[in-house]
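Asks: Here it is: the structure, laid out below.
Just so it is clear, none of the values below were taken in a lab; they were calculated from the coordinates. Quick caveat, the model's predicted, so the values are computed rather than measured. When we count neighbours, we look across all protein chains shown, and the Cβ atoms used for this are built from the backbone with ideal geometry, even at glycine.
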Amino acid sequence: MREGSERILDDRFCVVVNDRSAMVMRLRLDADGVGTAVEEIRALVSGADRVTWWVGSSATPPDLADRLRELGLGAPKPPVDPVSAAMVLTREPPPVPGVEVRLAGPQLRWLAFLDGRQAATAKAIAGPAGLLLIGGSTEPWARGRGCYRALVRARWEEAVRRGTPALVVQAGPLSEPILRRLGFERVATIEALE
């Protein structure tokens, strides 16, 4: 969790509040208590400029996303994808020749270089069972040349070094096909609402 964040954990939900934004996730609501829970969560995040609700395929009740839309939530603003995939990798991805990757510091951030030029960056958050992949981006001129794949490989190596050989990611429509080719498996679908 980011420094300065507050996590509010309830049997029915988890809310993470940052300086000006909030995320609502792990929603396990009773069918009769959706409206009450929404009011309670709205009170908890009342000072946030942006509140994103992450409704996973295991959320309850099963029609929760539709119920939230009826209560005024709508499609998220960019850059948040309206639908993404929770994916996991538990086997070694292939190496990528021609791309140099360097750890850029103690915050688990990597840089990828092509021909000596910085081409891509990615981060991870370490957890007890593996790494959560975040913040991957590739310069337009370097796309399609293996940088993203090399950064996945570097983070895999870090997970192995830590004794937790697993990677998880919330993948948008651009990343999911690449991750599938690397061996990631979709384990859930996540719908975003604001």
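Asks: Rounded to a whole number, what is D in µm²/s for the range 6-74 from Stokes-Einstein with the Kirkwood radius over alpha-carbon pairs (25 °C, 0.890 mPa s)?
Replies: 204
Asks: For the chain, what does the alpha-carbon gyration tensor say about shape, rounded, prolate or oblate, given a ≥ b ≥ c as the root eigenvalues, a/c under 1.5 as rounded, and a/b over b/c as prolate?
Replies: prolate
Asks: A further question on this structure: Given Cα pairs under 8 Å that are at least 6 residues apart, what percent is the relative contact order of the range 87-189?
Replies: 34
Asks: Oh, and also: Take each of the peptides 4-13, 33-42, 80-89, average the number of other beta-carbon atoms within 10 Å over its residues, and list them starting from the highest.
Replies: So the peptides 4-13, 33-42, 80-89, ranked by packing, come out 80-89, 33-42, 4-13.
Asks: Rounded to the nearest 10 degrees, what's the angle between the helix 34-44 long axis and the longest principal axis of the chain, both from Cα atoms, 0 to 90?
Replies: 70
Asks: So what are the ³J(HN,Hα) numbers for the range 8-14, from phi and the Karplus equation (6.51, -1.76, 1.60; θ = phi - 60°), rounded to whole Hz, Gly and Pro as x?
Replies: So the J values, rounded to whole Hz, are 10, 10, 10, 4, 9, 6, 10.
Asks: Same structure, new question: Indicate, rounded to the nearest 5 percent, the antiparallel portion of the DSSP beta bridges found entirely in the chain.
Replies: The antiparallel proportion sits near 85 percent.
Asks: If the viscosity is 1.567 mPa s and the temperature 4 °C, what Stokes-Einstein diffusion coefficient in µm²/s follows for the range 97-194 when Rh is the Kirkwood radius over Cα pairs?
Replies: 93
Asks: Compute the relative contact order of the chain as a whole-number percentage, counting only Cα pairs closer than 8 Å that sit 6 or more residues apart in sequence.
Replies: The value is 25 percent.
Asks: Another question, then. For the range 18-125, what percent of Cα pairs sit more than 22 Å apart?
Replies: 53
Asks: Exactly which trypsin sites (Lys or Arg not before Pro) in the range 122-194 are in a DSSP loop and have at most 14 other Cβ atoms within 10 Å?
Replies: Arg143, Arg162
Asks: Moving on to the next point. Suppose R0 equals 45 Å. What FRET efficiency, 1/(1 + (r/R0)^6) with r the Cβ-Cβ distance, do Arg42 and Arg117 give to the nearest 0.05?
Replies: 0.45
Asks: Given an 8 Å cut-off on Cα distances and at least 6 residues of separation, report the relative contact order of the range 10-56 as a percent.
Replies: 45
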